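Only one structure is covered here, and it is reproduced in the block below.
The values are calculated or read from the model by the stated rules, or taken from the named source; none is laboratory data. Keep in mind the model is a prediction, meaning the values are calculated, not measured. All Cβ positions, even for glycine, are placed from backbone atoms using ideal geometry, and neighbour counts span all protein chains on display.
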Amino acid sequence: MKISKVAQLTNVPISTIRYYDDEGILCKIPRTSGGRREFSDVDVTWLKNITVLRNVGVSIETLRRLAKLNYAAPDILARRQDLLTLELAKIQGKLAELVTAERVLKSEIDTPTLLH
């Protein structure tokens with residue numbers, strides 16, 4: 001699949017897709033004999049996942065590390081799972097903070113704290 005189609009499917013700009021590929025975040029995108037990237041459905045799924053993770057603050061470095069740990073060897077999968085578990089814990093912490101903030105906002109809407 002061509003990069004323009006991938007950009008359309010993922011709503012990710014072509015320049016960002018190229019950046020992710022250049023940074024090693026996309027896993028070894030093959031190229032045609034003319035040098036054009038050729039994406040698979042799995043690549044599109046990973047790019048969608050990258051977008052979600054970037055939107056919640058997962059770093060480029062962490063995504064690069066995840067991409068490098070994307071092999072089926074048991075020891076590598078265990079390291080990848082550890083990294084994913086760490087990121088999940090961070091997001092769960094942020095989620096708890098958001099729930100608290102939501103509660104405060106709803107409370108202020110219902111019963112404003114009026115300062116003198």
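Restricted to region 64-90, and to residues that are of a type in the set (A, V, I, L, M, F, W, C), modelled with pLDDT under 90 and loosely packed, with under 13 Cβ neighbours inside 10 Å, which residue is farthest from the chain's Cα centre (by Cα)?
Taking the candidates together, the pick is Ala73.
Please work out which one of (1) loosely packed, with under 14 Cβ neighbours inside 10 Å; (2) assigned to a helix (DSSP H, G or I) is the condition Ile17 fails and give its number.
(1)
Taking Thr51 as the residue in question, decide whether it is touching a residue at least 40 places away in the same chain (Cβ under 8 Å), part of a helix (DSSP H, G or I) and either of a type in the set (Lys, Arg) or surrounded by 14 or more Cβ atoms within 10 Å (Cβ to Cβ) (or both).
Yes, satisfied.
I'd like to check something: does region 27-34 contain any residue that is in contact with a helix residue (DSSP H, G or I) (Cβ under 7 Å, 6 or more places away or on another chain) and assigned by TED's automatic domain parsing to the domain that holds Ser4?
Yes; the residues of region 27-34 include at least one that is in contact with a helix residue (DSSP H, G or I) (Cβ under 7 Å, 6 or more places away or on another chain) and assigned by TED's automatic domain parsing to the domain that holds Ser4.
Return the pairs, sorted by first residue and then second, in which the second residue is of a type outside the set (Gly, Ala, Ser), the first residue lies in region 91-116 and is surrounded by fewer than 10 Cβ atoms within 10 Å (Cβ to Cβ), the beta carbons are less than 7 Å apart, and the residues are 6+ apart or on different chains.
Sorted first by the residue in region 91-116, then by its partner, the list stays empty.
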